[in-house]
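The values are calculated or read from the model by the stated rules, or taken from the named source; none is laboratory data. These numbers were taken from a predicted model, which means no experiment stands behind them. Positions of Cβ are generated from backbone atoms using ideal geometry, with glycine treated the same way; all protein chains shown enter the neighbour counts.
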Amino acid sequence: MLRGNKELWWAFAVGALITIVYGTVVFFTREIPAASELFGHGLGILGFMLMLMTETLYSLRKRSRSARWGRMSSWLQFHIFTGLVGPFMVLLHTSWKFNGLAGAVTLLTVVIVISGVIGRYIFTRIPRTMDGLEIEGTLSESALRQARRLMALWHTIHIPIGMALFVSAFVHIGAALYFATLLK
């Protein structure tokens, strides 16, 4: 079981810091930072890199049974932290405009974050060791089976949405690079 929800507190603290920086930029420029300008691009790039790390690193660690790259619970905390902070930065990158492909990517981002919160709740219902392994026999067997079924169902929804998000995000990045560089 995750102890103390450290990743949530860290995500909240970093999100608050990002909000202060964003608010400072808005205060001094007297406008919402455009997605196509340096600050907006920086938010989008850093946020996307965090989201890419969210999608890949935890999955790689989870599938590598022989690797000893730290405890699975630590990797899950990292996954949750980057899965909250990255999308927040991408949301700020939008300049609060949600049209076209970028709007669809933003919608998928919001859906995947909500799905992740639901998945975390289901995950915490299954008792685990510090390494993230399920503990047998602590819940009634039917409750444990139900939690496992919910987790399996959640995976069948969450993972395809994540894939659609990243395909859309890569198309958005390609289109942004094309329109920003080749058409000028």
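Miscellaneous remarks
Residue-wise test of (1) under 27 Å from VAL14 (Cα atoms); (2) modelled with pLDDT under 80; (3) surrounded by fewer than 16 Cβ atoms within 10 Å (Cβ to Cβ); (4) under 15 Å from the mean Cα position of the chain (by Cα).
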| position | (1), (2), (3), (4) |
| --- | --- |
| GLY116 | yes, no, no, yes |
| ILE126 | no, yes, no, no |
| MET130 | yes, yes, yes, no |
| GLU134 | no, yes, yes, no |
| ALA169 | yes, no, no, yes |
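- The set of residues in segment 23-39 that are within 22 Å of the chain's Cα centre (by Cα) and modelled with pLDDT under 90 contains only ALA35.
- Residue list for segment 70-94, filter: within 15 Å of ALA169 (Cα to Cα) and not in a helix (DSSP H, G or I): THR94
- Taken over segment 95-110, residues that are farther than 15 Å from ALA175 by Cβ, touching a helix residue (DSSP H, G or I) at 6+ places or on another chain (Cβ under 7 Å) and part of a helix (DSSP H, G or I) amount to 2.
- Residues in segment 82-123 that are more than 19 Å from ALA164 (Cα to Cα) and not aliphatic (A, V, I, L, M): 7 in all.
- Selection within segment 32-69 - assigned to a helix (DSSP H, G or I) and farther than 23 Å from ALA102 by Cα: LEU57, TYR58, SER59, LEU60, ARG61, LYS62, ARG63
- Some residue of segment 10-31 being in a loop (DSSP other than H, G, I, E, B) and either free of Cβ contacts under 8 Å to residues at least 40 places away in the same chain or farther than 27 Å from SER168 by Cβ (or both): yes
- Selected residue (criterion: surrounded by the most Cβ atoms within 10 Å (Cβ to Cβ)) from residues of segment 30-56 that are among the hydroxyl-bearing types (Ser, Thr, Tyr) and within 18 Å of ILE161 (Cα to Cα): THR54
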